[in-house]
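Participant: Take this structure first; my questions come after.
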């Protein structure tokens, strides 16, 4: 017995030397090597979450009132903190410290369970990746354990990541338990594809949408981490990283990890080094490209585009940068120089000057054109060719008169004046002068009829058909209610659902076909005629009504109750009068 007691004392002493046993019954932590920034700076408190104030506020009120849900659904794009938030909620549910013995959002200082939960090593907090365990048997393993009480914590918490990957049978197996779980069990789900989660599951969860982190907040966060790491990265480089991360904190920290090693002891990591790492073109050169395009300098714009592509610029990134600049120009036009666009002062001055030469409506149209271009770049077999076409379309859209100038020009032409031989651009004062001259009877010049230009809607459709412009032809047939056409202008009323860029596409097509600039306006005051599709439907219906009134058809319908008129086929030839009806029908008994 003395030997046994001595051995026991020795074991107890060894246990004391090794430190207290972890409450999660997990294996002791082992020394780790270098930790990437995304793991090193993972939020340890709710206050550390960036850009998720609404969710934190709701959880704070719920925990304070004791209204704690039995299941949570966290959704959002990659890297915004879904798994981190799930672990924080698990810690809050099982928080236990000397100062507090109940669920609490305030988990600082850490409780006795916090460390094990944060390291995914707690026996009562089970994490499952549904992307690799999608079957019903995997869910049954969880459900078999639900009936048992937690070993050491207050709640048994199941964290299921990428829950949308579960099979239908797995979801069905989960439903009953999810609706009426035991009081000691909580579920936390995370997904990037909320639309793939059955509504029967969603209705049983409290849902939180984690938002993309704003670019400014992400840049500030990166600056703070650089200060802690003793790294120096130029502000413009950090802004480029935040922009490339697209609201994902994890992506931003991974890129920052890569950027820090680009520098040397000689100085900070430059913005140029960061852009080179990201595969981005110099943004100032992208602005040069945009300025050339909006000024109508096609050769310069396409040359600059080719230089940037040769330097390694990615076509999609180029178009996103163009979109960013056009968005900034819209904000500057709407709110003035005080608008916060997150650019250097010199860039703001250039963008403001460029925005001043366009109306707000014109800038909105340019942004929409660029957005369509980005979609083309993403789907095109040759992305670079798609970028070139997008830049050319921007040039065309920028050369069109704005809505105000176009309205004045149409009014002037309606009073008897003609279109000038050199059509005005959107930045020209020619439409105003032309309108004023016409109003006073001081101008009497009339533009010549353009050779080869369409004189009717049918002519336009025939031209589109000849050039195999299938999509544009279809849009014209469906959406164009013609008001007038000729003398370099096309005025129409747009039918419902017409694409915003239809006028720009038509203007570009007509200019390419005729060699002269066309004014295409969809805001005509006079109502337009029918679209070609509307006309075809009307004529079909009229033929059907005439056929149904035909005496022979009426008689056939009487003889065969329930018969229907299936088709109307006009006879090709009729050598001599016949008593046959003008339309044939198939009869159904």
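Participant: Determine, from the Cβ-Cβ distance of residue 345 and residue 216 and an R0 of 22 Å, the FRET efficiency 1/(1 + (r/R0)^6), rounded to the nearest 0.05.
Facilitator: Details: r = 16 Å, r/R0 = 0.72.
For residue 345 and residue 216, the calculated efficiency is 0.85.
Participant: Is any residue of segment 303-335 close enough, with backbone N under 16 Å, to a label point placed 7 angstrom from the Cα of residue 368 along the Cα-Cβ axis, and if so, which?
Facilitator: Residues 327, 330 fall inside that zone.
Participant: How high is the relative contact order of segment 37-209, in percent, with contacts defined as C-alpha pairs under 8 Å that are six or more residues apart?
Facilitator: Details: 261 pairs, mean separation 50.6, N = 173.
For segment 37-209, the relative contact order is 29 percent.
Participant: To continue, here is another question. Can you sort 492, 72 so the residue with the fewest Cβ neighbours within 10 Å comes first?
Facilitator: Working: 492 26, 72 22.
Fewest-to-most ranking of 492, 72: 72, 492.
Participant: At what distance in angstrom do the alpha carbon centres of segment 49-90 and segment 103-150 lie from each other?
Facilitator: Taking the Cα centre of segment 103-150 as reference, the centre of segment 49-90 is 16 Å away.
Participant: Note down the relative contact order for segment 283-399 as a percent, whole number, built from C-alpha pairs under 8 angstrom at least six residues apart.
Facilitator: On the way: 121 pairs, mean separation 39.7, N = 117.
For segment 283-399, the relative contact order is 34 percent.
Participant: Under the definition of Cα pairs under 8 Å and six or more residues apart, what whole-number percent is the relative contact order of segment 215-278? Present the calculation step by step, with values, prior to reporting the outcome.
Facilitator: On the way: 72 pairs, mean separation 25.1, N = 64.
About 39 percent, as a whole number.
Participant: With r defined as the distance between the Cβ atoms of residue 62 and residue 323 and R0 fixed at 41 Å, what FRET efficiency is calculated, to the nearest 0.05? List each step's numbers first, then the result.
Facilitator: Values: r = 39 Å, r/R0 = 0.96.
Plugging the Cβ-Cβ distance into 1/(1 + (r/R0)^6) gives 0.55.
Participant: Sticking with this one: Would you list the P(r) distribution for segment 37-209, with all Cα-Cα distances sorted into 10 Å bins from 0 and each bin expressed as a whole %?
Facilitator: So the P(r) values, bin by bin, are 10, 41, 38, 12, 0.
Participant: To continue, here is another question. Could you please state, rounded to a whole Å, how far the C-alpha centre of segment 204-249 is from the C-alpha centre of segment 348-389?
Facilitator: Value for the Cα centre distance between the two parts: 26 Å.
Participant: If R0 is 25 Å, what FRET efficiency do you get for residue 529 and residue 455 from their C-beta distance, rounded to 0.05? Can you show the working numbers first?
Facilitator: Values: r = 15 Å, r/R0 = 0.58.
So, using R0 = 25 Å, E works out to roughly 0.95.
Participant: Still on this model: Rank the residues 502, 74 as a footprinting-exposure proxy: fewest other Cβ atoms within 10 Å of their Cβ go first.
Facilitator: Working: 502 19, 74 28.
Least crowded to most crowded, the residues run 502, 74.
Participant: Rank these for me by crowding, 205, 114, going from fewest to most other beta carbons within 10 Å.
Facilitator: The fewest-first ordering by Cβ neighbours comes to 205, 114.
Participant: Which three lengths, in whole Å and largest first, does segment 102-177 cover when its Cα atoms are put on their principal axes?
Facilitator: Extents along the principal axes, in whole Å: 42, 24, 19.
Participant: Any idea how far apart residue 209 and residue 246 come out in nm if each label point goes 7 Å out from Cα toward Cβ?
Facilitator: Going by the 7 Å Cα→Cβ label model, 1.8 nm.
Bear in mind that the values in this text are calculations on the coordinates, not laboratory data. Everything numeric here is computed off the predicted structure, so don't read it as measured data. Cβ atoms come from the backbone with ideal geometry, glycine included; neighbour counts cover every protein chain shown.
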